[in-house]
Amino acid sequence: MIRILQGKDAQALIERKAVRLEEAERIVAPILADVRERGDAALLEYARKFDRFEGDSVRVRVTGGLEPEFERAVAAAAKNIREYAQAQLPREWSVDYPDGRKLGQIVRPLDAMGAYVPAGRYPLPSTVLMTVIPAQVAGVVTICIACPNPSVEILGIAHWLGVTHMFRMGGAQAIAALAYGTETVPKVDRIVGPGNIYVAAAKKLIAGETGIDFVAGPTEIVIIAADGNPRWIAADLLAQAEHDVDASAILLTTSRPLAEAVAAEVERQLETLPTAAVARPSIETNGAIVVVETLERAVEISNALAPEHLALYDGSLLAKIRHAGAVFVGASSPEAAGDYASGPNHVLPTSGAARLRGGLSAADFVKVIAVQELTPEGLEGLTPAISRLARAEGLEAHARSVEVRRG
């Protein structure tokens, strides 16, 4: 049974267990070093040990089609994901200022990216769409997919999207291969996508040399609702809980009757849910319904949690939200819509990382480069400020490099 708590007990939820990567880092660090040192030889050894790989090369020939009904679903989702990603791209601009400064920015794509696509308990073909399409929109030329056991659907979507670099590899060895490059696997500029704790630890350790999206922990949702359909709310809680026994699903409400109705509905739906073996322990250990005095207090708790997914049944609360990976407004906007087909990305920050950034974006695959051009008059007008600031820092050559242009 999901817990029903009073608002005063919410602090225990806010002080949630931090994602502990230290032990995982200790395990993956030698794997990263070994793949960096020995390349394909080490990669194949770990693929055979951890991924039950039996081939001579991790490279996968990307072929296969999609069953017609599934292809229609993929096409509908891809259209919306691509449309949203295009709107996310930063724009180039240039401004001529009257004092002789011409300033602007240019936008250039990364050369190569790597998408990690899990294939454990639940293979995630939708993650291929969510990671590859924004990179394509950004103009990335070399797009790589790492997947320890690609399903027919994963291969089919990769082929449908035109991806040619796919590798049957998982875990820390996959992250190492993408980060450092091997004889078979290209070195990439950024690695994105979800994974287990060892993937997360590996991404954290290589982050200084290769870009990553974020270090992800267990998935989570917070729902804020003063009223609503208990069946719908319970279904949304369970949709999150079925991901993982460590997943977190929380309802914040001002209504005790709604809290009790949702709790009862969660139990009723669990009885027929095929994934109850995962969802029940998740709900019982990490789930909660918190009865608060006001919606303002609910928003405070949510902002403190900075959840990966936030569902607001009252759209007027949106202006008060400061921290969330993605927000779903209204009863007709279930989180599952964002997981698959509405357009925004489902690769989102967890474990409070939404205090720092939002979800994966086409902007993650480009560089915004500043451009400046000064006329002689523009430089002359700036010379006194430049010289004084440079000499205040003891950088005489900086000052002289400007003054020498005075003729």
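The values are calculated or read from the model by the stated rules, or taken from the named source; none is laboratory data. Everything quoted here is computed from the prediction, not taken from an experiment. As a convention, Cβ positions derive from the backbone with ideal geometry for all residues, glycine included, and neighbour counts pool all protein chains shown.
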*May I ask you to list the residues in the stretch 80-93 that are acidic (Asp, Glu) and either under 20 Å from His159 (Cα atoms) or part of a helix (DSSP H, G or I) (or both)?*
Glu83
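Could we say that Asp339 is of a type in the set (D, E, K, R), touching a Pro at 6+ places or on another chain (Cβ under 8 Å) and in a helix (DSSP H, G or I) here?
Working: of a type in the set (D, E, K, R): yes; touching a Pro at 6+ places or on another chain (Cβ under 8 Å): no; in a helix (DSSP H, G or I): yes.
In short, no.
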*Could you list all residues from the stretch 296-321 that are more than 15 Å from Pro344 (Cβ to Cβ), in contact (Cβ under 8 Å) with a residue 60 or more places away in the chain and of a type in the set (Asp, Glu)?*
Asp314
_Close pairs from the stretch 348-375: first over 15 Å from Ile106 (Cβ atoms), partner of a type in the set (Phe, Trp, Tyr), Cβ under 6 Å, at least 6 apart_ = Pro349/Phe214; Ala353/Phe214
*If Asp99 satisfies every condition in (1) in contact with a Gly (Cβ under 6 Å, 6 or more places away or on another chain); (2) part of a helix (DSSP H, G or I); (3) charged (D, E, K, R) but one, which is the exception?*
(2)
*Residue in the stretch 195-223 that is modelled with the lowest pLDDT, counting only those that are part of a loop (DSSP other than H, G, I, E, B) and aliphatic (A, V, I, L, M)*: Ala216
*If we scan the stretch 116-130, do we find a residue that is at pLDDT 95 or above, in a strand (DSSP E or B) and within 24 Å of Ala207 (Cα to Cα)?*
yes
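Any residue at all in the stretch 148-168 that is among the acidic types (Asp, Glu) and either assigned to a loop (DSSP other than H, G, I, E, B) or touching a Leu at 6+ places or on another chain (Cβ under 7 Å) (or both)?
Residues of the stretch 148-168 that are among the acidic types (Asp, Glu), as a first pass: 153.
Those left that are additionally either assigned to a loop (DSSP other than H, G, I, E, B) or touching a Leu at 6+ places or on another chain (Cβ under 7 Å) (or both): none.
No, every residue in the stretch 148-168 fails to be among the acidic types (Asp, Glu) and either assigned to a loop (DSSP other than H, G, I, E, B) or touching a Leu at 6+ places or on another chain (Cβ under 7 Å) (or both).
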*Listed residues Ala33, Ala77; which is crowded, with 19+ Cβ neighbours inside 10 Å, in a helix (DSSP H, G or I) and not assigned by TED's automatic domain parsing to the domain that holds Glu296?*
Ala77
*Among Ala298, Ala288, Ala306, which is the only one that is in contact with a helix residue (DSSP H, G or I) (Cβ under 9 Å, 6 or more places away or on another chain), hydrophobic (A, V, I, L, M, F, W, C) and either over 19 Å from Trp232 (Cβ atoms) or not assigned by TED's automatic domain parsing to the domain that holds Ala259 (or both)?*
Ala306
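Can you tell me which residue is modelled with the highest pLDDT among those in the stretch 353-381 that are of a type in the set (A, V, I, L, M, F, W, C), in a helix (DSSP H, G or I) and out of contact with any helix residue (DSSP H, G or I) (no Cβ under 8 Å at 6 or more places or on another chain)? Step through it out loud before you land on a result.
Within the stretch 353-381, the first condition is being of a type in the set (A, V, I, L, M, F, W, C), and the residues that meet it are 353-354, 356, 360, 362-363, 365-366, 368-371, 374, 379.
With the extra rule that they be in a helix (DSSP H, G or I), the set shrinks to 353-354, 362-363, 365, 379.
Narrowing further to those that are out of contact with any helix residue (DSSP H, G or I) (no Cβ under 8 Å at 6 or more places or on another chain): 353-354.
Values: Ala353: 92, Ala354: 95.
Ranking the qualifying residues of the stretch 353-381, first place goes to Ala354.
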_Subset of the stretch 281-293 [closer than 19 Å to Ala261 by Cα and of a type in the set (Val, Ile, Thr)]_ = Ile283, Ile289, Val290, Val291, Val292
*Among the listed residues Asp189, Asp244, Asp236, Asp227, which satisfies the condition of being among the acidic types (Asp, Glu) and touching a Gly at 6+ places or on another chain (Cβ under 8 Å)?*
Asp189
*Which of the residues spanning the stretch 43-74 are of a type in the set (A, V, I, L, M) and either buried (at least 16 other Cβ atoms within 10 Å of the Cβ) or within 30 Å of Leu374 (Cβ to Cβ) (or both)?*
Leu43, Leu44, Ala47, Val58, Val60, Val62, Leu66, Val74
